[in-house]
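Laboratory data are not the source of any read-out in this text; all were calculated from the coordinates shown. All values derive from a computational prediction rather than experimental measurement. Virtual Cβ from ideal backbone geometry, glycine too; neighbours counted across all protein chains shown.
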Amino acid sequence: MAGKLAIVMFSGTADKFIPLGVLSQAAAALGVEVDVFVTGFALRGFTKKKQDLPFPSEFAGAAPALAQGLKANKVPPWDEMLSRAKELGAKVYACSMMSSVMGLKKEDFGGLVDDVVGAATFLQKAEGGQTLFI
């Protein structure tokens, strides 16, 4: 399978980071070119300073059961799955505008972020591929 997948990660809630890890890793393993654009409140999950990612209020009660199910099924954490995708060639970019708005610089991000770029740059990378919004 070949092709391109662009994932725009804008949600900062824990329930959205799991699909990011799963989809990026699966696509990269299939030989798909994967580019992730992180913006909005999702940027908090990519900083060196680890932050607890909240669950949306409507799912807060289910969070403990979900965590238990993930552990029982030996599902790796989202960042480990994304790291594996990166080992297979996936790239992760932080949005320059939202980084600036939130007072974040390139050095504030952990090793998952390859670069800080603008939306136009990311759109050029995504051209011709499928785009998912998480």
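Using a ≥ b ≥ c from the Cα gyration tensor of the range 11-68 (square roots of the eigenvalues), is it rounded, prolate or oblate, where a/c under 1.5 gives rounded and otherwise the larger of a/b and b/c decides, a/b for prolate? Provide the component values of the computation, followed by the final result.
Working: a/c = 2.44, a/b = 1.46, b/c = 1.67.
Oblate, since a/c reaches 1.5 and b/c is not below a/b.
For the range 79-84, in order, what is each residue's ³J(HN,Hα) by Karplus, 6.51 cos²θ - 1.76 cosθ + 1.60 with θ = phi - 60°, in whole Hz (x at glycine and Pro)?
6, 5, 5, 5, 4, 5
Taking the alpha-carbon centroid of each part, what is the distance from the range 88-121 to the range 1-56 in angstrom?
That distance is 12 Å.
Any chance you could run the full-extension gain for PHE133 through ALA60? It's 0.36 nm times the residue separation minus the Cα-Cα distance, nm to one decimal.
24.1 nm
So what's the back-of-envelope 222 nm ellipticity for the chain, counting only DSSP H runs of four-plus at -39500 (n - 2.57) apiece and dividing by all residues, rounded to 500?
-11000 deg cm²/dmol
What are the extents of the Cα atoms of the chain along their three principal axes, in Å, largest first?
Taking max minus min along each principal axis of the Cα atoms, the chain gives 40, 39, 24 Å.
Which trypsin sites (Lys or Arg not before Pro) from the range 67-134 combine a DSSP loop assignment with at most 16 other Cβ atoms within 10 Å?
Those satisfying the criteria are LYS74, LYS105.
Through the Karplus equation 6.51 cos²θ - 1.76 cosθ + 1.60, θ set to phi - 60°, convert the phi angles of the range 62-74 into ³J(HN,Hα) values in whole Hz; use x for Gly and Pro.
Calculated HN-Hα couplings, in order: 8, 4, x, 5, 4, 4, 5, x, 4, 5, 4, 8, 6 Hz.
Note down the relative contact order for the range 4-133 as a percent, whole number, built from C-alpha pairs under 8 angstrom at least six residues apart. List each step's numbers first, then the result.
On the way: 194 pairs, mean separation 49.9, N = 130.
Contact order relative to length: 38 percent.
Just how large is the dipole of the chain about the Cα centre, in debye to the nearest 20, putting +1 at every Lys and Arg Cβ and -1 at every Asp and Glu Cβ?
The calculation lands at about 200 debye.
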